[in-house]
1. Taking the condition of being among the charged types (D, E, K, R) and either farther than 20 Å from Arg102 by Cα or free of Cβ contacts under 8 Å to residues at least 24 places away in the same chain (or both), how many residues in segment 40-89 meet it?
2. Out of the residues in segment 161-193 meeting the condition of being more than 18 Å from Ala70 (Cβ to Cβ) and basic (Lys, Arg), tell me which one is least open to solvent (accessible area, probe 1.4 Å).
3. Kindly check whether there is at least one residue in segment 234-245 that is farther than 30 Å from Leu143 by Cβ, in contact (Cβ under 8 Å) with a residue 24 or more places away in the chain, open to solvent by 10 Å² or more (accessible area, probe 1.4 Å) and touching a Gly at 6+ places or on another chain (Cβ under 8 Å).
4. Which ones in segment 194-209 are crowded, with 17+ Cβ neighbours inside 10 Å and modelled with pLDDT under 95?
5. Which of the residues belonging to segment 164-176 are within 26 Å of Gly73 (Cα to Cα) and part of a helix (DSSP H, G or I)?
6. Scan (1) in contact with a helix residue (DSSP H, G or I) (Cβ under 9 Å, 6 or more places away or on another chain); (2) closer than 22 Å to Leu108 by Cβ; (3) charged (D, E, K, R) for the single condition Arg82 breaks and write down its number.
7. Out of Asp85, Asp5, Asp79, which single residue is touching a Cys at 6+ places or on another chain (Cβ under 8 Å), more than 19 Å from Lys170 (Cα to Cα) and at pLDDT 95 or above?
8. So how many residues does segment 60-103 have that are on the phi > 0 side of the Ramachandran plot and buried (at least 22 other Cβ atoms within 10 Å of the Cβ)?
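The values are calculated or read from the model by the stated rules, or taken from the named source; none is laboratory data. Bear in mind the structure is a predicted one, so any value in this text is a computation, not a measurement. Cβ placement follows ideal geometry from the backbone for every residue including glycine, while neighbour counts extend to all protein chains displayed. The protein model used for the area step is the full one, side chains on, heavy atoms only, and it has no ligands, DNA or RNA in it. Shrake-Rupley method; radii C 1.70, N 1.55, O 1.52, S 1.80 Å.
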Amino acid sequence: MAYFDSNGVQIYFEEHGGGEPVVLVHGFASRAENNWGATNWFTALAPHYRVVALDCRGHGKSGKPHDSAAYGGETMGEDVIRLMDHLGIKRTLIMGYSMGGRIVTGLLMSHPERLRAAVLGGIGAASATAPSFSRKPIVDALLAENISGVTDQRAREFRQFAESTGNDLKALAACMGADREGLMAEHIAAKKIRVPVMIVIGTKDVLVGNPTLLRDAIAGSKLVMLEGRDHLSAPGDQHYKEAVAEFFKSAPA
C-alpha cells in the first residue's frame, strides 16, 4: 500500500503498468478500486501507461477529516498536484469522473501546464441563469441516523451508494458540504483552456449539469455521449474505454 502526506492528510494511491503517466480521479462516495478497478480501467490502461489512481481525501483508504473546511476551494485538486510532485510526474494525461471530473476541471484552470490532455467523465456545466443544484439534502441524508428517514430520492441514492462502498458518511457529508464554486459555463469559458479536453457522459445521466454547455465553454473540446448509460453505469462502458484510448493516443506531446 502506498501513501503520502498532502499537507497533513494521508492520501492513498496505487500504481499499475508503466510508461507515460495517466492520473485517475474518482467520483464522490467512490474510491479508486470501485471507480477504476471494478470497471476494468486498470486492465485497459496498464498495458500502455503508468496508471496512478488516488483515493481522494475523505474517501477509501485516505485520511477522512470531518471538518468541511478540509475540502474547500482548490484543496482536492492540490492533493492531485502534490501526488504528481511526490512521484516526480511533471506533466500527465488525466481523467476524472463525476466529482473527479470537477476536480480535473479546476486543474485545467489552475495548473494547465501540468496536464497534457484531460478526460472529464460524468459532468456538465451550469449557466448563470440556471437554478443551482442544492447539496443540502445529500448532506442531511449522509448524516441521518439511518436511511429509512431519508425521503428525497436523489439524496437517498447517494446515501445507498456511500454505504455500498463502505465509506465514512460523516467525512462524505463534510466533503459534500464544503465551500466550492459550481461549474459555471461562463467562468470556465473565461479561462480560455488550451489543454485538449474530451467530455464523456451517459445519455441517461440526469445527475449532473449540461454537457453541451461544458463542451461549448472549453474551446475545441470533444463530447462523447454513451447511449443508454446513466451516472453509475457509464464508467464500465466499453465505448468509453475505446474513446479514451483513441483520445490519449492522438493528444499532442
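1. Just the residues of segment 40-89 that are among the charged types (D, E, K, R), to begin with: 50, 55, 57, 61, 64, 67, 74, 78-79, 82, 85.
After this cut, where a residue has to be either farther than 20 Å from Arg102 by Cα or free of Cβ contacts under 8 Å to residues at least 24 places away in the same chain (or both) as well, the list is 50, 61, 67, 85.
Number satisfying all stated conditions: 4.
2. Step one: list which residues in segment 161-193 are more than 18 Å from Ala70 (Cβ to Cβ), which gives 161, 163-166, 182-193.
Next, from what is left, pick out any that are basic (Lys, Arg): 191-192.
Numbers: Lys191: 104, Lys192: 131 Å².
Step by step, filter segment 161-193, then rank; the result is Lys191.
3. yes
4. Looking only at segment 194-209, we keep the residues that are crowded, with 17+ Cβ neighbours inside 10 Å, and these are 195-202, 205, 207-209.
Once the filter is applied, which keeps residues that are crowded, with 17+ Cβ neighbours inside 10 Å and modelled with pLDDT under 95, segment 194-209 yields Asp205, Leu207, Val208, Gly209.
5. Residues satisfying the conditions are Leu169, Lys170, Ala171, Leu172, Ala173, Ala174, Cys175, Met176.
6. (1)
7. Details: Asp85 fails: touching a Cys at 6+ places or on another chain (Cβ under 8 Å); Asp5 fails: touching a Cys at 6+ places or on another chain (Cβ under 8 Å).
One residue alone meets the criteria, Asp79.
8. Filtering segment 60-103 for residues on the phi > 0 side of the Ramachandran plot gives 60, 73, 88, 98.
In the following step, the residues that additionally are buried (at least 22 other Cβ atoms within 10 Å of the Cβ) were identified as 60, 98.
Residues that pass the stated criteria total 2.
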